[in-house]
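Following this message is one structure expressed as structure tokens.
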Amino acid sequence: MSKATCSLCQFWQSSIGKKLVVAVTGLFLVLFLAGHLAGNMLIFQGSEDFDHYAHFLHNMVHGWGIWGFRIMMLGALALHIIATIQLTQANRAARPARYESDNTMVASKSSRMMVWSGLTILVFFVFHILHYTVRTSAELAELANHGYNWAMTIAGFQNVLVSVFYIFAMTLLCSHLSHGVASIFQTLGLRSRKTAGAIQTFSKAYAVIIWLGFISIPVAVCFLGYGKEELKEVRAKVAVEKAAAKDGDSCCPKTCSDKH
Amino acid sequence: MSKLNLTLKVWRQASQKEEGRIETYDAKDIPIEASFLEMLDIVNERVINDGGEPIHFDHDCREGICGQCSLTVNGIPHSKDRGITVCQLHMRKFKSGDTIWIEPFRAKAFPLLRDLIVDRSAFDRIVAAGGYIDVRTGSAQDANALPVAKTKADASMDAAACIGCGACVAACKNASAMLFVSAKAAHLNLLPQGAPEKDARVLGMVRKMEEEGFGNCTNFYECEAVCPKEISVDNIARLNRDFAIASAREALV
């Protein structure tokens, strides 16, 4: 092993090194959330813009862009989770005997349940990928294969259980971010007495904006009936397309989704 | 003067190997002008008179500067009052009828010796791993010949106020020693005298800290809240930054 790789191992072995990995991957994930939310907000702009956006994402850099991004995302997520779990194990080991009378001065609830909010978000992440990316539900897969991503999203959120779990996970994400965003600054050494207040406010505000943005979709779709009528029209269209495909064999689902 | 009648729940443990437990003591007629340690002295005298083993606890100067006293009062090291060691806590802060839980500073890196006394020599070993400067003695230069910016001198002095009591470790949910280590490192790193050995100091002290079995900082800031010298967590941010730079230099230069 060369000297440089040895140093990398040593960096990963050290507590601060591992925390720096958590901070940098956390920063990546935090910025991803902002981008994801901005894209999602197109759902309120109408089906056409949203479907165009979905089409763009799937076809940027000849379809390689999204895979490049997915690999980066999974890498960041894996590092973030492995490092935090190892750190948590070390932290538990550092205090084998707990206090009989435990008390807290200033640490927030969010900061104390980071590992639990994080693991719940992980479960949500897996579900979310199966739901909207892999599309294990045949109905959602069909809508997406016909190029109706907007309709697929609306149909997904019409399920009450899905929407409730989504809102629950986003609430924990909000809690996770309220401590996590501020911690990025501290771990990267960018926080000082003068900036502490601003960082704290920014962190909480960011968490609340992400929360409000993401939950606005299931709330609108599931509880306020947003997109109900249009989804019916799209389903009718899909049925017609399917019938046409069966009859004339002129339009297979694949070419339909590539038509945009 | 009015007197207090209290119930104490005290951690008793004969030695590291034996199992510890909470024992209950009635502390009657405690004068409100007594300090917390004086209250324990009174209780101990009664225990001795009754033929029992007194409660063992660490103490020395009893004026808040030595860092020896190390009691966790109702789950908070040095009590919930800010900026004091437990010897500076007075019984007037309590009401008659209160139950007070008294426990040692708990951390794997602070092995318990007896009752409320823990071994904090891990801190000494961390300091020995870089918390010093190498200078030739006998030829010190004129004190004013080395200019130090006022802001740096102040920040260094604030960090140097650390008395090494270990409350930061005891308060941290992860038993992390980052506040102590960062204060000891910042105190020297901020000054021109400490600058030449900065990287070696940072790497040496952080590695020693990990070796001793302390936990990792997750930014709860409990340490700052209980620190009797009110050392700022700014020092931890500074240490994180210095560690990243020192690691990069070690790997690449």
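The values are calculated or read from the model by the stated rules, or taken from the named source; none is laboratory data. As the structure is a prediction and not an experimental result, all values here were calculated from the model. Backbone-built Cβ (ideal geometry, glycine too); neighbour counts: all protein chains shown.
Answer yes if at least one residue in the range A:179-191 is of a type in the set (K, R), loosely packed, with under 15 Cβ neighbours inside 10 Å and free of Cβ contacts under 8 Å to residues at least 60 places away in the same chain, and no otherwise.
No, that holds for no residue.
Got at least one residue in the range A:54-68 being away from chain B (no Cβ under 14 Å), under 27 Å from A:L122 (Cβ atoms), in contact (Cβ under 8 Å) with a residue 40 or more places away in the chain and surrounded by 15 or more Cβ atoms within 10 Å (Cβ to Cβ)?
There is at least one residue in the range A:54-68 that is away from chain B (no Cβ under 14 Å), under 27 Å from A:L122 (Cβ atoms), in contact (Cβ under 8 Å) with a residue 40 or more places away in the chain and surrounded by 15 or more Cβ atoms within 10 Å (Cβ to Cβ).
If only one of A:V134, A:V106 is more than 14 Å from every other protein chain (Cβ to nearest Cβ) and either more than 17 Å from A:S163 (Cβ to Cβ) or in contact with a strand residue (DSSP E or B) (Cβ under 6 Å, 6 or more places away or on another chain) (or both), which one is it?
On the way: A:V106 fails: more than 14 Å from every other protein chain (Cβ to nearest Cβ).
On inspection, the qualifying residue turns out to be A:V134.
Can I ask one more? Given the options A:Q10, A:Q89, name the one that is surrounded by fewer than 17 Cβ atoms within 10 Å (Cβ to Cβ), assigned to a helix (DSSP H, G or I) and either at the interface with another protein chain (Cβ under 8 Å from one of its Cβ atoms) or basic (K, R) (or both).
Checking each option against the conditions leaves just A:Q10.
Out of everything in the range A:207-250 that is buried (at least 16 other Cβ atoms within 10 Å of the Cβ) and outside any helix (DSSP H, G or I), what residue ends up being modelled with the lowest pLDDT?
It comes out as A:G227.
Quick check: anything in the range B:93-108 of a type in the set (K, R) and modelled with pLDDT under 95?
Residues of the range B:93-108 that are of a type in the set (K, R), as a first pass: B:93, B:95, B:106, B:108.
If we keep only those that are modelled with pLDDT under 95 as well, we get none.
For the range B:93-108, residues of a type in the set (K, R) and modelled with pLDDT under 95: absent.
Could I ask something else about it? Go through the range B:123-165 and report how many residues are assigned to a helix (DSSP H, G or I), within 21 Å of B:V206 (Cβ to Cβ) and acidic (D, E). I'd like the intermediate steps shown before the answer.
Initially, the range B:123-165 is screened for residues assigned to a helix (DSSP H, G or I), giving B:123-128, B:143-145, B:150-160.
Next cut, within 21 Å of B:V206 (Cβ to Cβ) only: B:123-128, B:155-156, B:158-160.
Narrowing the set further to residues that are acidic (D, E) leaves B:124, B:158.
Selection size over the range B:123-165: 2.
A further question follows. Anything in the range B:195-253 that is surrounded by fewer than 24 Cβ atoms within 10 Å (Cβ to Cβ), more than 9 Å from every other protein chain (Cβ to nearest Cβ) and under 22 Å from B:V148 (Cα atoms)? List them, or say none.
B:A195, B:P196, B:E197, B:K198, B:D199, B:A200, B:R201
Give the residue that is surrounded by the fewest Cβ atoms within 10 Å (Cβ to Cβ), with candidates limited to residues of the range B:16-34 that are within 14 Å of another protein chain (Cβ to nearest Cβ) and under 16 Å from B:I55 (Cα atoms).
Quick first cut of the range B:16-34, residues within 14 Å of another protein chain (Cβ to nearest Cβ) only: B:16-24.
Adding the requirement that they be under 16 Å from B:I55 (Cα atoms) leaves B:16, B:18-24.
Working: B:Q16: 12, B:E18: 11, B:E19: 6, B:G20: 18, B:R21: 10, B:I22: 14, B:E23: 13, B:T24: 9.
So, considering only residues that are within 14 Å of another protein chain (Cβ to nearest Cβ) and under 16 Å from B:I55 (Cα atoms), the one surrounded by the fewest Cβ atoms within 10 Å (Cβ to Cβ) is B:E19.
Working only within the range B:54-98, note down all residues that are within 14 Å of the chain's Cα centre (by Cα) and of a type in the set (G, A, S).
B:G64, B:G67, B:S70, B:S79, B:G83
Quick test of your reading of the structure: A:S216 fulfils all but one of (1) within 18 Å of the chain's Cα centre (by Cα); (2) within 14 Å of chain B (Cβ to nearest Cβ). Name the failing condition by number.
All conditions are met except number (2).
Follow-up question, since we're still on this one. Output the number of the condition that B:A183 fails; it satisfies all remaining conditions of (1) out of contact with any Gly (no Cβ under 6 Å at 6 or more places or on another chain); (2) surrounded by fewer than 16 Cβ atoms within 10 Å (Cβ to Cβ).
For B:A183, the exception is condition (2).
Determine whether B:G97 is farther than 21 Å from B:E230 by Cα, without any contact (Cβ under 8 Å) to a residue 60 or more places away in the chain and surrounded by fewer than 17 Cβ atoms within 10 Å (Cβ to Cβ). Spell out the reasoning first.
Numbers: farther than 21 Å from B:E230 by Cα: yes; without any contact (Cβ under 8 Å) to a residue 60 or more places away in the chain: no; surrounded by fewer than 17 Cβ atoms within 10 Å (Cβ to Cβ): yes.
Against the criterion (farther than 21 Å from B:E230 by Cα, without any contact (Cβ under 8 Å) to a residue 60 or more places away in the chain and surrounded by fewer than 17 Cβ atoms within 10 Å (Cβ to Cβ)), B:G97 does not qualify.
Among the listed residues A:L74, A:L37, identify the single one that is part of a helix (DSSP H, G or I) and touching a Gly at 6+ places or on another chain (Cβ under 8 Å). So that I can check it myself, show each step before the final result.
Details: A:L74 fails: touching a Gly at 6+ places or on another chain (Cβ under 8 Å).
Just one listed residue meets the conditions, A:L37.
Please work out which residue is farthest from the other protein chains (Cβ to nearest Cβ), limiting yourself to the range B:115-140 and to residues that are out of contact with any Phe, Trp or Tyr (no Cβ under 9 Å at 6 or more places or on another chain) and buried (at least 19 other Cβ atoms within 10 Å of the Cβ).
Only one residue fits best here, namely B:G131.
Check whether at least one residue in the range B:39-53 is crowded, with 19+ Cβ neighbours inside 10 Å, under 23 Å from B:K95 (Cα atoms) and of a type in the set (S, T, N, Q), and report yes or no.
So in the range B:39-53, the residues crowded, with 19+ Cβ neighbours inside 10 Å come out as B:39-40, B:43.
Now restrict to residues that are under 23 Å from B:K95 (Cα atoms): B:39-40, B:43.
Applying the additional criterion that residues be of a type in the set (S, T, N, Q) yields none.
No, every residue in the range B:39-53 fails to be crowded, with 19+ Cβ neighbours inside 10 Å, under 23 Å from B:K95 (Cα atoms) and of a type in the set (S, T, N, Q).
Pick from B:L203, B:L191, B:L179: which is more than 30 Å from A:H176 (Cβ to Cβ) and in a helix (DSSP H, G or I)?
Working: B:L191 fails: in a helix (DSSP H, G or I); B:L179 fails: more than 30 Å from A:H176 (Cβ to Cβ).
Result of the check over B:L203, B:L191, B:L179: B:L203.
Determine which single condition A:M113 fails, assuming it passes every other condition in (1) in contact (Cβ under 8 Å) with a residue 60 or more places away in the chain; (2) in contact with a strand residue (DSSP E or B) (Cβ under 9 Å, 6 or more places away or on another chain); (3) hydrophobic (A, V, I, L, M, F, W, C).
Looking at each condition in turn, A:M113 falls short on (2).
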